[in-house]
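The values are calculated or read from the model by the stated rules, or taken from the named source; none is laboratory data. Treat the numbers as computed from the prediction; the structure is a model and nothing was measured. In this analysis, Cβ positions are derived from the backbone assuming ideal geometry, glycine residues included, and neighbour counts consider all displayed protein chains.
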Amino acid sequence: MAKGPTYVVKYKRRRKGLTNYNKRLKLLKSDKLRFVVRASKNSTNCQLIEYHPDGDKTLINFNSLELKKYGYKGHTGNISAAYFAGFACGLKAIKENKKEAVLDTGLHRLTKGCRVYAALKGAVDAGLKINHNEKIFPNERRIQGYHIAEYAKILASNNPEKYEMLFSNMLKKGVKPEDFVEHFQEVKKRIEGEHG
């Protein structure tokens, strides 16, 4: 009796587009901890993960939604928040004597200056050694929110209604968007104070 064609069924997570196994294998071959960054609409999550044959182990985790406890009043899904998530995760890693990792970006489509790279910049600034090219980072002024402060100043004088509408959440929390850079520095000091 003739046999029919043989089909190879891919892993379920590959079929669903959740895991790129070739990329994962390369990361695992590095034999280093993985600095995993996942960005969603309203948050950035950073983890330090160790490979185990029976299931990966999360050693350290920090989500930008946690920034509220440090007095952060900006949007938790922006570049500044992503930087803080990476920075806090990096400081926690150094404190636990985890000094080196490799970046795991998952299935994110990456562009220069994106939130994933802002989180990487935060981790590197905290002292975590991760191989990278500095050209991929968002510039320092963008990380600190100068663009927010400058745009807010323009709107406040030229279009007060739009200013109130765009920055209503921040204003309700008691921070003027024009002062975002100062707010950024204050939050960074609080994070350093707790985890540095």
Filter result for K112 (free of Cβ contacts under 8 Å to residues at least 12 places away in the same chain, touching a helix residue (DSSP H, G or I) at 6+ places or on another chain (Cβ under 8 Å) and of a type outside the set (A, V, I, L, M)) = no
task = Just give me the residues in the range 151-196 being in contact (Cβ under 8 Å) with a residue 60 or more places away in the chain, farther than 27 Å from G90 by Cα and small (G, A, S), in sequence order.
result = G174
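K135 - would you say it is loosely packed, with under 14 Cβ neighbours inside 10 Å, out of contact with any Leu (no Cβ under 8 Å at 6 or more places or on another chain), not in a loop (DSSP other than H, G, I, E, B) and not acidic (D, E)?
Numbers: loosely packed, with under 14 Cβ neighbours inside 10 Å: yes; out of contact with any Leu (no Cβ under 8 Å at 6 or more places or on another chain): yes; not in a loop (DSSP other than H, G, I, E, B): yes; not acidic (D, E): yes.
Judged against the criteria, K135 is a match.
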ask   = If you check K57 against the conditions, is it among the basic types (K, R), in contact with a helix residue (DSSP H, G or I) (Cβ under 9 Å, 6 or more places away or on another chain) and over 30 Å from P177 (Cβ atoms)?
value = no
query = How many of the residues in the range 79-102 are more than 22 Å from K68 (Cβ to Cβ) and surrounded by fewer than 21 Cβ atoms within 10 Å (Cβ to Cβ)?
reply = 7
note = Reported set for the range 47-104 where residues are at pLDDT 95 or above, small (G, A, S) and on the phi > 0 side of the Ramachandran plot is G71
inquiry  = Here is a list: V187, V116, V124, V175. Which entry is touching a His at 6+ places or on another chain (Cβ under 7 Å) and within 18 Å of K68 (Cβ to Cβ)?
reply    = V175
message = Residues to consider are E194, E161; find the one that is assigned to a helix (DSSP H, G or I) and farther than 23 Å from A119 by Cβ.
response = E161
